[in-house]
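Worksheet: one structure, shown below.
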Amino acid sequence: MIGTLLCYVLLPAARLLQALRDAFFTYRKNVLLAKSPSTQIEGVFAATTGRLVPEEQEALLQQWLEEGVGNLPASESVPAVRKVSVTLTSDWLEGSELLMTSLSDLNTSPEVTRCADQQHSELNALASSELQDHAVAELARLPSEETVTVAGSAPWAAVVPQTDHQTADCAGINVEVLNDDPAVLAWSLACDAETVPPVLPAQPIQDAVPFYPVPTEVPYHEILWRDWEDLSVQPCVLEQVSKSTPLFEFRVMSYNILAQDLVEQGLDLYVHCHPDILSWNYRLPNLLQEIQHWDPDVLCLQEVQENHYWEQLEPTFKEMGFACFYKRRTGTKTDGCAVCYKHSRFQLISLSPIEYFRPGLDVLNRDNVGLVLLLQPVLPEGLGLKAVSPLCVANTHVLFNPRRGDIKLAQVALLLAEIDKIARTAEGSYYPVILCGDLNSVPDSPLYKFIRNGELSYHGMPAWKVVSGQEDFSQQLYSRKLLAPLWPSSLGVTDKCQYATLCQPKKLGRREYSRDFLLQFRFCDVACERPPQLVLLEGVTDAKPVASAREHSAVTAVPKRHNSLSFLNKQCSGVIQHGLNLTSVYSHFLPQRGRPEVTTMPMGLGATVDYIFYSAEPVESKAGECRRLYKDGALKLLGRLSLLSEDVLLMANGLPNPFCSSDHLCLLASFGLEISSL
């Protein structure tokens, strides 16, 4: 009842009178029902609910004020008179719009706190009628410090922040809005740790709604606990790893750390977060502590703001033993990608930054970038004459726009072509590859399947479907469709995601000549002389080429194919391929919870867009099976840090929150490279 009166302070004066009447009427009904087992009272109230006139309601209220309070049990009595401090948000927070936030994490929020004097002035202004005078008189009996919190019934609810001086020695009021009718609003008092909870009446009150006090602190470390999955003990891995074969073990982390400029440009995406946890001064120590805790040997970061990298991140990483490389996005963008590795574990062989922007190409007109490194593992001393294969590490952040799957596909193809160039050995095989990044594509998308299965038929496919799962634009009448070829030959990338200048002949030992090379010999002396062993046929083999014949031969004497442009024939069919044999570290499903894994949570919707792919050996699959199967090769997956599901992140206020300072979860995997004898 007391909480109801507090709520009505915000209501207009016209609605306040009617709302108070309804509330007092409902409360009086519940009290009488609690005191009498007779069902007649219920019938009387049911019959008069819709037809009580204001005079009757005021009489009922007056009777309650004179008699009801004194007759209530001790547990229902009104506390002594103290000052009132009501904590409210600047506007009435809707539960479906904001996330639940921990009380302890949202300290010092002056813009949403109203002092006691202001509350008394508002009460005096609204108390113009006799009924409102009674309401003010009852409000004067409230405890000196009470805090109102609002929680919506939607999965994303809001808890109003409290300041330190408010939470001390005060009681909290938990508010749950049931519907628009004030008469059925359920309000309740929750005492603090030092206050003894009141004894509830023995008789249950009809129509009363149970409540659960909001915890003063959300246990983020328990909710967001992530298990380490040791995959080296699984039978499939044990069979591939011989006890006599040593491994070079290392950890790789991929992490989109959320650039601060992007936070400030898109604050609408983070309305569920308190401003304090969005500041860079708060987020940076959290991010560094998380990275230092997991202690990766190779670190791939996305959305790294340039000034933060040079001023804060790189100096800190160097103190942690990392060698760092950074590539800022082109154009006016202020963030980019970084790859760091511990110089005690790896040495750099080659570095190749990638810019996806190509002037004049609509399919490559965005400012995303990537990095490809070739690293040589450093073996510990005392192993003797041992060797380990170099490792290719790639990191990228692909375009977000859900409608432009054609751009995403072209960017990935360009990245794979660069990996093909860096990781290819002299014999034509590949060094082990680890591909990290935010691909802005979900696991069931064609783009994901292309990376994992090595082939995609894209001709006629809607552009949005290439990144299916971010948004569904199937209802649009004129959606963009992918046409072959996806990019022009001037880009120099083949349909096999290789640079055209590096393509090897399809059949070893067979020579192919370009058209220009062959045409320059068609009128030489040797070509114009009839071989002696050639059978003489009049009008066929006895004539020398003439001008008209030369013109004709210039048109018809075209070789069947030539190396530099042969890839256009297949690309025009709308099929692209790659031969890197990549599979994902994660399965994208949590069997113990029966839910999909989540790496990010934009606007309260969980999705997987971050990946770590690694080289594996394909396994011969059954006929008609489109999904390619893999087993570990020279690069073995030994473990991974488990991901979380959407419902778990909802319990922790989504992302970011006071515990996780990015809108993405970090990915972490442990690998082993076989060490061989020289």
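The values are calculated or read from the model by the stated rules, or taken from the named source; none is laboratory data. Nothing here was measured: the structure is a model prediction, and the numbers come from that model. Note that each Cβ is placed from the backbone with ideal geometry, even for glycine, and that neighbours are counted across all protein chains shown. Keep in mind that these areas ignore ligands, DNA and RNA; they rest on the heavy atoms of the full protein, side chains included. Shrake-Rupley method; radii C 1.70, N 1.55, O 1.52, S 1.80 Å.
Points worth noting:
Listed here are the residues, each with its yes/no results for (1) open to solvent by 40 Å² or more (accessible area, probe 1.4 Å); (2) not β-branched (Val, Ile, Thr); (3) not in a strand (DSSP E or B).
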position: Gln292; (1), (2), (3): yes, yes, yes
position: His308; (1), (2), (3): no, yes, yes
position: Pro315; (1), (2), (3): yes, yes, yes
position: Val339; (1), (2), (3): no, no, no
position: Leu383; (1), (2), (3): yes, yes, yes
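- Count - residues of the stretch 641-678 that are assigned to a strand (DSSP E or B) and closer than 24 Å to Asp261 by Cα: 2
- Looking only at the stretch 385-408, residues that are buried (at least 16 other Cβ atoms within 10 Å of the Cβ), in a loop (DSSP other than H, G, I, E, B) and hydrophobic (A, V, I, L, M, F, W, C) come to 2 in all.
- Count of residues meeting criterion [more than 26 Å from Ala634 (Cβ to Cβ), among the aliphatic types (A, V, I, L, M) and crowded, with 21+ Cβ neighbours inside 10 Å] in the stretch 417-455: 1
A quick yes/no check of all residues on (1) touching a strand residue (DSSP E or B) at 6+ places or on another chain (Cβ under 6 Å); (2) at pLDDT 95 or above:
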| site | (1), (2) |
| --- | --- |
| Gln292 | no, yes |
| Val304 | yes, yes |
| Tyr309 | yes, yes |
| Asp335 | yes, yes |
| Ala338 | yes, yes |
| Glu355 | yes, yes |
| Leu364 | no, yes |
| Gly382 | no, no |
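- Within the stretch 578-594, considering residues that are within 20 Å of Gly639 (Cβ to Cβ) and in contact with a Lys or Arg (Cβ under 9 Å, 6 or more places away or on another chain), the one most open to solvent (accessible area, probe 1.4 Å): Phe589
- Residues within the stretch 347-370 that are free of Cβ contacts under 8 Å to residues at least 60 places away in the same chain and under 30 Å from Leu247 (Cβ atoms), tallied: 4
- Taken over the stretch 605-638, the criterion of being of a type in the set (Gly, Ala, Ser) and within 22 Å of the chain's Cα centre (by Cα) is satisfied by Gly606, Ala607.
- When the stretch 341-370 is filtered for residues that are open to solvent by less than 30 Å² (accessible area, probe 1.4 Å), within 19 Å of Ile407 (Cβ to Cβ) and part of a strand (DSSP E or B), the ones remaining, listed by number, are Ile354, Val369, Gly370.
- For the residues Ser587, Ser621, Ser615, Ser642, the requirement of being of a type in the set (Ser, Thr, Tyr) and within 25 Å of Glu303 (Cβ to Cβ) singles out Ser642.
- Pairs where the first residue, in the stretch 298-313, is closer than 20 Å to Thr332 by Cα and the second is open to solvent by 10 Å² or more (accessible area, probe 1.4 Å) and basic (Lys, Arg), C-beta under 6 Å, 6+ apart: Glu306/Arg328
- Of all the criteria given as (1) β-branched (Val, Ile, Thr); (2) surrounded by 14 or more Cβ atoms within 10 Å (Cβ to Cβ); (3) in a loop (DSSP other than H, G, I, E, B), the one not satisfied by Thr332 is (2).
- Taking the stretch 595-619 as the range and being touching a residue at least 60 places away in the same chain (Cβ under 8 Å), surrounded by fewer than 18 Cβ atoms within 10 Å (Cβ to Cβ) and assigned to a loop (DSSP other than H, G, I, E, B) as the test, no residue passes.
- Residue check for Lys622: touching a residue at least 60 places away in the same chain (Cβ under 8 Å) and among the basic types (Lys, Arg): no
- Selection of first residues in the stretch 408-422 that are under 18 Å from Leu374 (Cβ atoms) and of second residues that are assigned to a helix (DSSP H, G or I), restricted to Cβ pairs under 7 Å at least 6 apart or on distinct chains, gives the following pairs, ordered by first then second residue: Lys421/Leu502.
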